[in-house]
1. Work out the length of the dipole vector of chain A about its Cα centre, built from +1 on the beta-carbon of each Lys and Arg and -1 on the beta-carbon of each Asp and Glu, and round it to the nearest 20 debye.
2. Take the eigenvalues of the Cα gyration tensor for the protein assembly as shown, scale each by 5, and report the square roots as semi-axes in whole Å, largest first.
3. Using helices alone, what [θ] at 222 nm do you get for chain A, with -39,500 (n - 2.57) per DSSP H run of 4 or more residues, divided over all residues and rounded to the nearest 500?
4. Can you list the residues in segment A:274-293 whose accessible area drops by at least 50 Å² when all protein chains are present, compared with the chain alone? Use a 1.4 Å probe, heavy atoms only.
5. Using only Cα atoms, find the angle between the long axis of helix A:2-24 and the longest principal axis of chain A, and express it within 0 to 90 degrees, rounded to the nearest 10.
6. So, R0 is 30 Å and r is the distance between the beta-carbons of residue B:43 and residue A:197; what FRET efficiency does that work out to, to 0.05?
7. In debye, nearest 20, what is the charge dipole magnitude of the protein assembly as shown about its Cα centre with +1 on Lys and Arg Cβ and -1 on Asp and Glu Cβ, if you could check?
8. So if we plug the beta-carbon distance of residue B:250 and residue B:345 into 1/(1 + (r/R0)^6) with R0 = 22 Å, what FRET efficiency do we get, rounded to 0.05?
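The values are calculated or read from the model by the stated rules, or taken from the named source; none is laboratory data. Owing to the predicted nature of the structure, the values given are computational and were not obtained by experimental measurement. Note that each Cβ is placed from the backbone with ideal geometry, even for glycine, and that neighbours are counted across all protein chains shown. Areas reflect the complete protein model, heavy atoms only, side chains present, ligands, DNA and RNA absent. Shrake-Rupley method; radii C 1.70, N 1.55, O 1.52, S 1.80 Å.
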Amino acid sequence: MEFKLTVFIICIILALFLIFKELKRKNKTNLSWRILASIFMVVSFAFLIVPITYQTVKEQATAELNLITEGTDVDTITKIKGEKFDLDSNLFSDQKNLKIKHIEDLAYFLQENKDIKKVNIYGYGLDQTQLKQLQAYQLSFHPAAIPSGIISVSWQKEVSATENLTIQGVYNNYSNQDVKLKLFGLGANLDSAFVKSNSKINFSFNTQQKQSGNAIYQLIAFKGKDTLFAEPIPFEVKPKKPIQILILASFPDFEYKFLKNWLYEKQYQVVFRSQISKDKYSSDFLNTKAMDVSRINQALLKQMDVLLIDENEMSSISAVERAAINTAVNNGMGLIIRLTNAISNPNSPKYGRYEIPFVPATTFTITAVNENIKFSELPFPQTLFLETTLNDQALFKSSTGKTVVNGQLYGMGKVLISSLSSTYQWELAGKGTDYSMFWSILFLKAAKKELKNQSIEFFPQFLTIGSSTKLIATLSDNKAPNLAFNDIKLNPKQNMELPFKWDAVFWPTIAGWNKITINNITENAFVYQTSDWSALKNADKLNLNSSFSIHQLNQKEDLKLTTENIDEEISKWWIFAVFLLTAGYLWYEQRFLAN
Amino acid sequence: MLKTEGKNWITDFKVKLTLLYVLQILCISLAIALLFIPIAKYFEVNPISGFSLIFSLVLVVGFIVKKIFKITNSTTAKYLDEHFTQLEESTELLLKPYAELSLLEQLQVNKIVQFFPLQNGFKKPLKRFLISLAVLLLACTILFIIDSSALFNSKIFGNSKSFNTSTKVKENIPAEIKSISIKIAPPAYTNQSVRNQSQFTIKAETGAKVTWLIGTNIAVKKINIIFNNTAIVALKAANNDFTKWSYSKVINQSGFYQLEFDGKKSDLYQIEIIPDLPIAIKIHEPKIHTTIDFGQIPKVNLVCSLTDDYGIKDAYISATLASGKGEGVSFTEKKLLFNVSLAGKKSIKLNKLIDLTALGLKPGDELYFYIKAIDNNGQMSRSDVYLVSIADTAELLSMAGMANGVDLVPEYFRSQRQIIIDTEKLLKEQSSITDQEFKNRSNNLGLDQKLLRLRYGKFLGEESETEIGGEGHADDDGHDHAEIKYGDVQALMDQYAHKHDIAEDATFFEPELKAQLKAVLNEMWGSELRLRTFKLQEALPFEYKALRLLKELQQKSRVYVAKTKLSPVKLKLEKRLSGELDKITQPKSNSTFENKDLGKEDLKLLLAILEQRKSGKSFKYGERELLKSGETQLISAAANQPVSYLAALKSLRKVSIANKVVISDIEIIQKAIKNLIGLEEVQPQKQDVSPSINLSNGYFNYLKNGKE
């Protein structure tokens, strides 16, 4: 305003001076014209400096922002009308003819261009943080085709010793050539799958890991002889967590003997008690200290993860002892009850058993429910089976579909009923793997779970170099934890609702295995290269963007046109023309007309 | 030159020209066909047939193009006219008889005849021939180059090439060594000659004598040879300059060795043993269990094949004759020889007709035999035991087993025996009775046999006389198919059902039993046929076989358990569980398993350490200990199986010293260690639970108890 005023004052003074000079001029033939011309000249000069504006009401289309992201194909880009922008200048850097402009910073750009109301996203889309900035905008997502490669994958990040590593995922093959997928680790090919051209398959690799500690396997895809990609599969093998087992036998039989020896050789802590006579017991303490086992009480059971007992023993122990067992199961201990007779004791429940008449078959095969395991056949016909009610979980079934091992929740613990009486036959037949597999599953299902003091989760799950990662630590108490990532202290923030959860944000910088410490306990976290698992990341982005845009669409109505008050400016050329005309007249009049 | 000789000269020229052309075409087609050989090999086509095909094809095309068969005197004349201007297009005149020519022509002939014999007549075709010869040479050279190039060889011969004992292996040879000569003298049994090689990797037959001759550039004070990292032997200097060393050793075991020059150790080299396999014996004939029935010739033809890797020394049949019964069984051992010379043959097919009667086998006796073979190395191998038995007709006819015990078997089981007795009796009496009588009795016997057959047939549901075993359900099965009344459901059903008069007659035999019964019926059929056609001698084998099968059936039905009475002692219930137990001790045992095999755990840790090394981390002190432990385990593994583990051992040594990380080396070690660890059994584990479970546990307790 100040500037405008100064201009006007100066111009008025100039006009007055010019009028005064005109009046003083001797030749007065064209005086009135000259004065008029002078005034117009000065006025137009003034408006040359200060433009004239006026307000109009105008209808106009919403301003749109076309964002091109990775994965957009060139055809789509060329069809887009209007200006195109990208956030990554490397995206189409070699194709200048596409005329894609680059935005350094999306938030800044949007601030600068307030008229933008709608954002069109092409390709795989934006990441979570970028999408957050677009919350106030109308979004339209034009997704690219689902990328070729592994679009979904999962495996255990931590495996216990002797446990199998299972890698499952989905491979999407768009190409016209078959792709061979191979799991490579510790210098050898461990498993492989074949993906036909133009198909999508679910693959599942299973391998027994051998090392104790960290290892990085690789998932390699081959197309003919070319390697398409080699993605890292980092995982950690933790030492086995042994279980304490108490076995109460009414009399020692082969099943107990074999199981006892097997557990003994595997260095488990086993207390084995078998009845000799009334209140007289023989007891073995394997890999553990001797303790009093003549009476079953809470203190004894507290040390145990699993109690294996046969039906006869269960009915012969006192009611107090039974109550102690019930309490222990209620608090998380596992109880495995072996049924051997087709007819239950008068004192013990039926446990849903039933017997089928004698079968002519001489062998019997079981399968683990929900596990992809095939057991060898047992050399005897099984006639005792269990009914699976609504509260039961069938763990093992015969090949004909009859349940042989049932599981049931009881408080925080589990009660397993087994009608299999001679699994030692596997050991006799040299099928040690089947024997260990069966009992491992049984003990795993039954054993009391070990409560960790803390656990960590990362968001996103794939830690990537240079990208912001949120760490959530879950603790057993509400005290603030000491968190450090590679010896750099992190300052966590407590969760408002769940006081035992703490989170912190950090940016990993070194690829490979990194250390993360909570309260002096170190865990390993693998940081990926930015290029790792790109197809998977892109597929994730696609999902994220589509769901985000659908969510936005539900919230914002489609604004096609808006009315707006706009200040319009009169073109300076007009004013300049007036200025030229008037100044020209003044010069011409003085030069030719006056003479 | 004479005018008449012109024609002769042209004929001569024609022959020579044709010959040159043929040679030229031959050369070209040979060249093209030769070049086709590697292509044929590449596409795995038989090179010889490909070669001949292309050769003949090009040859034929060449002949057609060059018009070899159309070269006549006149074309030759035209050829000459074209190439020699001085002949003034008149060569053809020479071919005509001089007298027939006109005056002008005669003049012309006189004019051109002076130019004969033409000089350089063959200049152009000769030049062409030489060019084609050059092409052939070039083709040969190309073929030679392609054939000798290793790359192509591997492509062509890669699949078919068998393992060569002198395969070249890339080795790190110490700088001190000037020359290596290793003499491998295979043991005598292999019949192989001594071979020399100039590489350290040894592949030798068991018991081969290996002599190392090592020449060095400079005088070396001492050279040791270390076997399997344990046995150290000093080499002997073969000359006074201490530049030639030798050592020899008989090798019986796989393993590895290295050389030590004045304390400097070389790379590891493997020793692989080619073991001498025992002779493989395969018996094609007879079956493992053969029974010779009455009437069959008591001879067994033995057909077998023996195979050995180096040579068979000897083979014979060891036969044991078991004769007699029960406690009176006696065994006689016999050695039967094959009357064939075996000496040194690698593979042989042997035949031997064993005459059982010559061996002294009587009905009811058994012959056990097996083949024993010895190879050049003195290794013995023997086949399975085979058994030949002669059916004992006397035993079949005996009453033993029927007269005693429970005789649950109905009478008809005996009548087959009766038929045999009658048949034999009839045969004996044949000479004393009339033909008519003989035929009559024979026919009657056949009738008896038929009745017997029908009785057995009943067990199988056999209804008509003509079928065996009564399988299938013929439309015309003897039932009355009355007209079906409309609405009569029962009658309608009867049409499709197979109803029998008495339900009890329906038998429920096991399929196996049925099959045996059916076999009995078959034999009975055979016997009946012969009896009815008065061929008693021929009928006997069938009768005997039927009886033998029946006896077997009979034994099957003899599983029998006698009923006994049980009178339990009355229990005094008040006295139960009231015994004094205070003297019963309660045994307690305490034991802790000591894991002696810690090597596996070390290997597992080593795997993880090597994995870390891949990402560039250097070994720490404790980790070096594990590397040592891994090395000892690999050494013992490599000593037994150098082919699988020696490379890993070499790599382990390299990796433990090297500053640079070589991932391929580490992977070789990891792979070997993985194999050493082997497959592990799954072991029971506890599951981990995140502390967030506390919240749900609290909720659960609150629901249950009303308080936390």
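1. Around 1020 debye, computed over chain A.
2. Equivalent-ellipsoid dimensions as semi-axes: 84, 68, 43 Å.
3. -8000 deg cm²/dmol
4. A:280, A:285
5. The two axes meet at around 10 degrees.
6. About 0.70, to the nearest 0.05.
7. Computed charge dipole of the protein assembly as shown: roughly 4700 debye.
8. Rounded to the nearest 0.05, the efficiency is 0.25.
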